[in-house]
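These notes are about the structure you will find just below.
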Amino acid sequence: MSAQNAAVNMNLKSRSIKRIIVYIVEIVLLITLVLVSLRFGSVNYSLKQIIDALTIGSDFTVRTIILNIRLPRTILAVFVGANLAISGALLQSVLRNPLASPGVIGVTSGASLAAIIIMLVFPELTALVPFVAFLGGMIATFLVFILSWRQGISAVRIVLAGVAINAILGGGTSMLSVLYSDRIQGILMWVNGSLAGKSWNQVEILLPYTVIGLIIAVFETGVANALQLGDDTAKNLGVRVNLARVILSMTAAFLTGISVAVVGLIGFIGLIVPHISRLLVGSDYRFMLPSSAILGANLLVLADMVARTAFSPIELPVGIIMALVGGPFFLYLLRKVRGYGS
């Protein structure tokens, strides 16, 4: 018996060491990507110039570009990447489906339609875009849950209701694009997801929402773990399954809605990153959620750097880069990952 306990303890210790190493590597990689992102652009700077700009000061032009253009953009990529990754991870627990993502419950479509209504129909109210987009995402999620309710909520009905809501809202977005084709050019970067032109103002808008959403998500890890075990097991553990699904989904909608409001439509992060995190640290949300947040930040910082340097001086929306890379990579994961949580 003691030998078995020793083996179990050794296995747990080995797994903990592996997780610590993974976290350290992810954080070091993020710091490296942030510095590389600050270095490269239309004008390249040395590491010394970047450090001088961030600390003791340097040439006024260098300092302005680093501190007022590249740094807020990179910080925004970190926040949005973490938000979308955590949102996807939570939804995959809610639906017990590794294919779940923020788009499944209509958050992205709802936020997009609401924001486009303001930008195309009421351009004088552009200052309200973040709030309206967030509200649109929340309303879409609420509609999905109303349509999927039948003596409780099932994951299958949520997916089916989400498909219907996405189709309706997507049709509304397409109709507005046609009716206001003379104005659509001005928001093409937002529609395709872009960090171009973002400043400290957007960072200040997103920061409090991100902090609140991340704190709520951390407190929901136990419930997320329980939902992965199935409804019956979760109920036996004292979890109110329907309420838990609503709370987790609303948290995901919150994180996605405010991110879409600020930077536009960026896909695949919430779909791919949780898969990678499970492979690295396992399915326990206490460890997988922080890993997803860091990896999501890594992925979006890297994608944004590619978007603005690959075809310089032309800058692509980061959403296009994520679509081009994320789609094939996700298909690769589908071939390699046999089961949920494997």
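A short reminder: the numbers here are calculations on the coordinates, not readings from a lab. Since we're looking at a predicted model, the values are computed, not measured. Glycine also receives a Cβ, built like all others from the backbone with ideal geometry; neighbour counts cover every protein chain displayed.
With 122, 145, 131 as the choices, which residue is under 23 Å from the mean Cα position of the chain (by Cα) and surrounded by fewer than 17 Cβ atoms within 10 Å (Cβ to Cβ)? Don't jump to the end; show me each part of the working.
Working: 122 fails: under 23 Å from the mean Cα position of the chain (by Cα); 145 fails: surrounded by fewer than 17 Cβ atoms within 10 Å (Cβ to Cβ).
After ruling out the rest, the residue left standing is 131.
Looking at region 245-268, is at least one residue assigned to a helix (DSSP H, G or I), in contact with a strand residue (DSSP E or B) (Cβ under 6 Å, 6 or more places away or on another chain) and surrounded by 16 or more Cβ atoms within 10 Å (Cβ to Cβ)?
So far as region 245-268 goes, yes, one or more of its residues are assigned to a helix (DSSP H, G or I), in contact with a strand residue (DSSP E or B) (Cβ under 6 Å, 6 or more places away or on another chain) and surrounded by 16 or more Cβ atoms within 10 Å (Cβ to Cβ).
Given the criterion in a loop (DSSP other than H, G, I, E, B) and within 15 Å of the chain's Cα centre (by Cα), identify the matching residue among 195, 206. Spell out the reasoning first.
Numbers: 206 fails: in a loop (DSSP other than H, G, I, E, B).
None of the other options fit; the residue is 195.
For a quick check of your reading of the model, give me the residue pairs whose first member lies in region 300-320 and is under 22 Å from residue 26 (Cα atoms), whose second is aliphatic (A, V, I, L, M) and assigned to a loop (DSSP other than H, G, I, E, B), with beta-carbon atoms closer than 6 Å and at least 6 apart or on different chains.
Close Cβ pairs (under 6 Å, with a partner that is aliphatic (A, V, I, L, M) and assigned to a loop (DSSP other than H, G, I, E, B)) amount to 304/195; 307/316; 318/195.
Considering only residues that are under 30 Å from residue 75 (Cα atoms) and of a type in the set (Val, Ile, Thr), look in region 154-200 and name the one that is surrounded by the most Cβ atoms within 10 Å (Cβ to Cβ).
The extreme case among them is 187.
For residue 217, indicate whether it is surrounded by 15 or more Cβ atoms within 10 Å (Cβ to Cβ), touching a residue at least 60 places away in the same chain (Cβ under 8 Å) and either of a type in the set (Lys, Arg) or in contact with a Pro (Cβ under 8 Å, 6 or more places away or on another chain) (or both). Reasoning before the result, please.
Numbers: surrounded by 15 or more Cβ atoms within 10 Å (Cβ to Cβ): yes; touching a residue at least 60 places away in the same chain (Cβ under 8 Å): yes; either of a type in the set (Lys, Arg) or in contact with a Pro (Cβ under 8 Å, 6 or more places away or on another chain) (or both): no.
When the stated conditions are applied, residue 217 does not pass them.
If I ask for residues that are surrounded by fewer than 24 Cβ atoms within 10 Å (Cβ to Cβ) and part of a helix (DSSP H, G or I), which ones from region 88-112 would you list?
So the first thing to find is which residues in region 88-112 are surrounded by fewer than 24 Cβ atoms within 10 Å (Cβ to Cβ), and the list is 95-99, 103.
Matches in region 88-112: 95 only.
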